[in-house]
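The structure appears below as C-alpha cells.
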Amino acid sequence: MTRRCERVQETLSEHGRAYLARDPDAREHVSTCAECRAFLVALEEVDAAFEALPRHQPPEEVVQKVIEAVRGIRVTEDDGSRE
Amino acid sequence: MNKAIEVADVHHKPVERGVEEANLLERHLAGDGRAFEALVQRYKARVYGYIVRSGIPRDEWDDLFQEVFLRIHAAASSYRSERPLDAWVFAITANVVRSWYRRRKVRTRVVPDPDPPARDTGCDSLQILEIRESVAWLERAVRSLPPVQREVVILSCVEQLPHAEIARALGLPVNTVKTHLRRGRLALAAGRVRASKREQREVGP
C-alpha cells in the first residue's frame, strides 16, 4: 500500500463516497487502484451491516427487576424524608 | 409467511427526542411512578445493546444493565433538560462499562457470542445468509476494537449520536472523537477486506 492509498482510505473512512465526489484526484486513484476499490466496497459493506444490526433485548424479568428496585428505593427515600 | 420485517422492532435509529422524553426524569423526580418505567422501556434495548457490544462476558450483561438504570435513578437530579437525554443516558452507560473493565483490569476482551439473530428482509435465502454473515462478522469486529474506538463507533455508527454529544458523554475533545471514529471505521473496513479475501481463498477460483 502506498502513502497515497493510506491517505485515500483514511479520508474515505471519515467521509465515505462523498469524498470522491469532491476530489477528482482521489476518484481517479480509486478507479485505478484495486486495493482502494476493495477498501471502498468493504467500507460500504460495513455501513450496510450497521444498518442491519438487530436490537439486543434484555430479558423481561431483568427489566422488571430494575423497575421494581427503583420503586423500592423511592419508597424508602419517601419514608426517610417523612421522618 | 409474510417476510416483511417489523421495522419498528429491529430498526436501530435513535428514538426521536421530544418534550415528553426530556421530561421523563423530571416527572420521575416529581414522584410520577410511571415515568421511570417509561424511561427504562424506551432505552432498554439501546443500553443493553451497548453493553453486549462492549465485549463484556454474557453472564455480566444483566447486572450491568441494572446498574446503569440504578445510576440513572441516583443521578436524575443532576440531569439538565437542555442536554439531549440519550447522550446523558449513554454517558452513564459508558461509565458503567468502563468501571467494569477497571474492576476486572481487562482492557479488551473479545467474546465470540452472541451472533445476532438473522434479520428477515424478505429477500432470497442467499441474500439473507449474506446479511446474517455480514452482521455477525460486524458484531465480532466491533467487540474486537480497542476500547475507545469501540465506544465512539457504537455511539456514532449504531446510536448515531452527534460528535459533540459523544465527546461530552465520553469526556473527550470533539477532534479526538473524530480521530477515533475514523480509525475505528478504517479498522473495520480493513478487517472486512481481509475477511473477504479469506472467504475467496476458501471458495477457491
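Taking B:Thr93 as meeting all but one of (1) modelled with pLDDT of 85 or more; (2) over 23 Å from B:Arg140 (Cα atoms); (3) not aromatic (Phe, Trp, Tyr), write down the number of the exception.
Only one criterion in (1) modelled with pLDDT of 85 or more; (2) over 23 Å from B:Arg140 (Cα atoms); (3) not aromatic (Phe, Trp, Tyr) is unmet by B:Thr93, namely (2).
When both residues are 6+ apart or on different chains and their Cβ atoms are under 6 Å apart, which pairs have a first residue that lies in segment B:32-61 and is more than 8 Å from chain A (Cβ to nearest Cβ) and farther than 21 Å from A:Leu53 by Cα, and a second that is surrounded by 20 or more Cβ atoms within 10 Å (Cβ to Cβ) and at pLDDT below 95?
B:Ala35/B:Leu24; B:Ala35/B:His28; B:Ala38/B:Leu24; B:Leu39/B:Leu24
If I filter segment A:34-45 down to residues being more than 7 Å from chain B (Cβ to nearest Cβ) and crowded, with 19+ Cβ neighbours inside 10 Å, which single residue comes out as farthest from B:Trp61 (Cα to Cα)?
Filtering segment A:34-45 for residues that are more than 7 Å from chain B (Cβ to nearest Cβ) and crowded, with 19+ Cβ neighbours inside 10 Å, the one farthest from B:Trp61 (Cα to Cα) comes out as A:Cys36.
Residues are listed down the side, and each one gets a yes or a no for (1) in a loop (DSSP other than H, G, I, E, B); (2) closer than 25 Å to B:Arg102 by Cβ; (3) more than 12 Å from every other protein chain (Cβ to nearest Cβ):
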{"residue": "B:Glu151", "(1), (2), (3)": "no, yes, yes"}
{"residue": "B:Ile154", "(1), (2), (3)": "no, yes, no"}
{"residue": "B:Ala169", "(1), (2), (3)": "no, yes, yes"}
{"residue": "B:Val177", "(1), (2), (3)": "no, yes, no"}
{"residue": "B:Leu181", "(1), (2), (3)": "no, yes, no"}
{"residue": "B:Ala187", "(1), (2), (3)": "no, yes, no"}
{"residue": "B:Arg192", "(1), (2), (3)": "no, no, no"}
{"residue": "B:Ser196", "(1), (2), (3)": "no, no, no"}
{"residue": "B:Glu202", "(1), (2), (3)": "no, no, yes"}
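For segment A:46-70, which residues satisfy the criterion of being within 7 Å of chain B (Cβ to nearest Cβ), part of a helix (DSSP H, G or I) and of a type outside the set (A, V, I, L, M)?
Of everything in segment A:46-70, those that are within 7 Å of chain B (Cβ to nearest Cβ), part of a helix (DSSP H, G or I) and of a type outside the set (A, V, I, L, M) turn out to be A:Phe50, A:Lys65.
Yes/no per residue for (1) surrounded by fewer than 20 Cβ atoms within 10 Å (Cβ to Cβ); (2) in contact with a Ser or Thr (Cβ under 8 Å, 6 or more places away or on another chain):
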{"site": "B:Gly55", "(1), (2)": "no, yes"}
{"site": "B:Arg58", "(1), (2)": "yes, no"}
{"site": "B:Phe69", "(1), (2)": "no, no"}
{"site": "B:Ala75", "(1), (2)": "yes, no"}
{"site": "B:Ser81", "(1), (2)": "yes, no"}
{"site": "B:Pro84", "(1), (2)": "yes, no"}
{"site": "B:Thr93", "(1), (2)": "no, no"}
{"site": "B:Ser99", "(1), (2)": "yes, no"}
{"site": "B:Arg102", "(1), (2)": "yes, no"}
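Condition check ((1) more than 18 Å from A:Gly72 (Cβ to Cβ); (2) at pLDDT 95 or above; (3) outside any helix (DSSP H, G or I)) across all residues:
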{"residue": "B:Ala35", "(1), (2), (3)": "no, no, no"}
{"residue": "B:Ile51", "(1), (2), (3)": "yes, yes, no"}
{"residue": "B:Asp63", "(1), (2), (3)": "no, yes, no"}
{"residue": "B:Tyr101", "(1), (2), (3)": "yes, no, no"}
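Filter segment B:136-149 down to residues that are among the hydroxyl-bearing types (Ser, Thr, Tyr) and part of a loop (DSSP other than H, G, I, E, B), then give me how many there are.
0
The values are calculated or read from the model by the stated rules, or taken from the named source; none is laboratory data. Quick caveat: nothing in here was measured; it's all calculated off a predicted structure. Neighbour counts run over all protein chains shown; Cβ positions are idealised from the backbone, glycine included.
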